[in-house]
Structure formats: C-alpha cells, structure tokens
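To keep things clear, I will list the structure first and then write my remarks on it.
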Amino acid sequence: MPILDLQRRMRQLGEIRIGHTVATGRTDSNGKPTKRPAKLDKFRITSASRPILEQVAALYGGEVRPWTPANGAPSEFEVYTTVDRLPVLVPPRDAVSQWYELYAGSKCQRRCDGVTEHKLDRPCLCDPEKRDCKITTRVNVMLRDLPALGQWLLISKGYYAAVELPPAAELLAQGGGYVAGWLGMEAKSVVTDRGTNRFMVPTLDVEITPAELMSGQIRGTVPELAAAGPGRAAIEAAPTEAPMPDYVALARMSRNAAAVRDIWKTANGKGHMTPELSAELGELAARFAPAAAPVPDEDGVIEPEIVDDQDPTEVWFQIIAAAGRLGWTTDATEAAFAERNGGTMPGSAEVTQLAEFLGWLKAGAR
C-alpha cells in the first residue's frame, strides 16, 4: 500500500529549454562579464546525467558538453540538439502546471495562483495591473524514444504558452493514459511602440484526431499499447460509457470558425448539445469573424446580415449560436424560423432568409 500523505511522482531526468544566455560584451560593477537571455530555434536539453544526454545526442543531434547554471546550482551537462520537434509521451495528470512566481536569484519568494500566495498562505500581494510575479508554465513529458525512465521539464514564462498549453493538457487528461505527441517550437512576433519582438513559444501536438478525442477512442495511449502486446490474459472489464468530451476546450484550440462548426455538429449529433453549450461555441466561433449586432432603424426594420454569398450552413451555425444565447433549443429555433418564413424550413431556405432571421435573433427576437 502507498503512503497516503506522500505525493508520488516520476523522476525528473533534466530540462528541455528553448533559450540560453549569451555574453553582452560588457562587465558589471565587479568587473565580471554580463550575459543576457537569447532565444533558440532548436531545443537545448540539460541534465545532471552525462550518459543520458549522450543518448539524447545520438537521437536528436548535438554534442554533450559541461554546463554551469548561472544561478549557482551544481554543474550539469547540456546538448544543443538539431531538432525543433521532439517525440514525447504526455502524462495523463499534471502534464502542465501554472503559477505566478517571483524569484530572488534561485530562491522562489512567491508562488501565487492569482488569489492566494501559497508559500506563506496569504492573499496575493501583486497589483493585478502590474504584477511583480511572472507567469510560469511548467510542462512535463517523457522523451518517447529515449531508453530512460523519467520525465523532462520545460519551463516557459511567456504569455502564449500560458494560454495555449493548459487546454491541450486538460483534454489529454481524458485519455486515461500516456498519449503520444510532439513537443515543438513556434515563432511568434508582437509589435510594440519599441518595435517588433520575436520569440519562440513551446507547442504541444498529439497524434490523435479531434474525432477520436471526442469519442473517447484514443489510440496510442500506454494502456492500449500494452494491451496490444504479449502478456498474461487479463479479466475483461465491463464496458463503460465514455465521458462527454469537453467541447468548449476543443473549440478554444480551433484555428477557424469551420473547425468550431464541426465540433458543434459532433456535439449535436451525439445528443450532447444544450443551449448553454451552443451559446459558448457560438461565442468562440465569433472570434474568427466578429460582426456587430444589427440595430433596428427608426421604423423598427432590421437589416439582414451582409452575407456576400456566404455558405448557408455557416449562417445556420451562427443562428444556432445566437439562439443558444437566448436559451432556445434547436427544435425551437427551427420552429420559429418556419413560423417567420411562411412554413419554410431552414434546410430549404435561401441564404438571405437565414441572414434576416439571424439579424432578428441578434436584435433580441423582437
């Protein structure tokens, strides 16, 4: 039996990094050379174990060499790999963690969730508009092809990693086992008053389709791979109903309105659709094509939405989303459309009829 008040975790073999420090050519007040952070376009991996890093170098390129951390920690070894994508296994729990953190040298002084500072169990000390603490996102993965049992840690203090990695990890937690994926790097840029800032953001991709994830039939997990191999016969468990996918989290990871529409269709086809879910998916789809809600003119006439040969299916999806915000079901929406259009059902309606109905809904169905 395990000790119940001890948290079990896998050994950390080292860190996966997307940056390093370089000399500035200047010295500090003590005459010591100063350094600054710099981005990399290939992964750099560090570890206290030279034999493990030699295997890393054999798989992903690079040469093992000694490395001394700038924060005074014990000396380790490093490899500048020649790859910007690493095959990994994503653990089902605690793959990603996030905190607001403040460091003095190598010592963490504050660790906050935005409400409570957990080091001393006190309210958060930062001004929400101007925080002293930095967003810190930690990603734990296993290197899939490396013959060493343990996890590798990647730490990012960037905004994009903070908002993009957790939804992916939360979805993967539904898989019930380690899921095969790829840890990658993606270049991003932000234009400010001082110019354009370019930086690298870690990404997490998995070898499963959204359909597999939503159905609960996830291939490539460790339990599945183990079951497929030789071994002792096991007692077959009774089949259980797959949990309902997190459709909203899936939609947040989508890159266009069409992908959100497909998620809506899947949820509706499986009988999972609710007015609240429909409204949330509609709000997320609106990120890709924002449009102002129509306002009645002085005579109370609502102008139809400008459609420009828009796909009727796309307009109908927007109708369902708007109706969901009013608490309407799909059946109720179809009935209201038919009543307003002389018995014509949405499936046989012209796009202009759909657009006029959408404008009516957005104006509050008055």
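Looking at the stretch 351-366, I want the residues that are surrounded by fewer than 20 Cβ atoms within 10 Å (Cβ to Cβ) and have a partner that is small (Gly, Ala, Ser) and at pLDDT 85 or above with Cβ atoms under 9 Å, at least 6 apart or on another chain. Which pairs are those?
So the pair list comes out as Ala365/Ala336.
Restricting attention to the stretch 164-202, report how many residues are farther than 20 Å from Ala38 by Cβ, modelled with pLDDT of 75 or more and β-branched (Val, Ile, Thr).
The qualifying residues number 1.
Would it be correct to say that Leu59 is within 25 Å of the chain's Cα centre (by Cα) and assigned by TED's automatic domain parsing to the domain that holds Val179? Please lay out each step first, then the result.
Working: within 25 Å of the chain's Cα centre (by Cα): no; assigned by TED's automatic domain parsing to the domain that holds Val179: yes.
So Leu59 does not fit the description; no.
Any residue in the stretch 178-192 that is free of Cβ contacts under 8 Å to residues at least 24 places away in the same chain and surrounded by fewer than 16 Cβ atoms within 10 Å (Cβ to Cβ) sitting within a Cβ distance under 6 Å of a residue that is part of a strand (DSSP E or B) and polar (S, T, N, Q)? List the pairs, counting only those 6 or more apart or interchain.
These pairs meet every condition: Glu186/Thr203; Ser189/Thr196; Val190/Asn197.
Would you mind finding the one in Asp113, Asp127 that is touching a Phe, Trp or Tyr at 6+ places or on another chain (Cβ under 9 Å) and loosely packed, with under 13 Cβ neighbours inside 10 Å?
The conditions single out Asp113.
Quick grid of which residues meet (1) touching a strand residue (DSSP E or B) at 6+ places or on another chain (Cβ under 8 Å); (2) modelled with pLDDT of 90 or more:
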{"position": "Leu13", "(1), (2)": "yes, yes"}
{"position": "Thr21", "(1), (2)": "yes, no"}
{"position": "Asp28", "(1), (2)": "yes, no"}
{"position": "Gly31", "(1), (2)": "no, no"}
{"position": "Arg44", "(1), (2)": "yes, yes"}
{"position": "Tyr60", "(1), (2)": "yes, yes"}
{"position": "Trp67", "(1), (2)": "yes, yes"}
{"position": "Gln98", "(1), (2)": "yes, no"}
{"position": "Asp113", "(1), (2)": "yes, no"}
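Please verify whether the stretch 123-135 includes one or more residues that are touching a residue at least 24 places away in the same chain (Cβ under 8 Å), in contact with a helix residue (DSSP H, G or I) (Cβ under 8 Å, 6 or more places away or on another chain) and outside any strand (DSSP E or B).
No, because not a single residue in the stretch 123-135 is touching a residue at least 24 places away in the same chain (Cβ under 8 Å), in contact with a helix residue (DSSP H, G or I) (Cβ under 8 Å, 6 or more places away or on another chain) and outside any strand (DSSP E or B).
The values are calculated or read from the model by the stated rules, or taken from the named source; none is laboratory data. Values in this document were obtained by computation on a predicted structure and should not be read as measured data. When we count neighbours, we look across all protein chains shown, and the Cβ atoms used for this are built from the backbone with ideal geometry, even at glycine.
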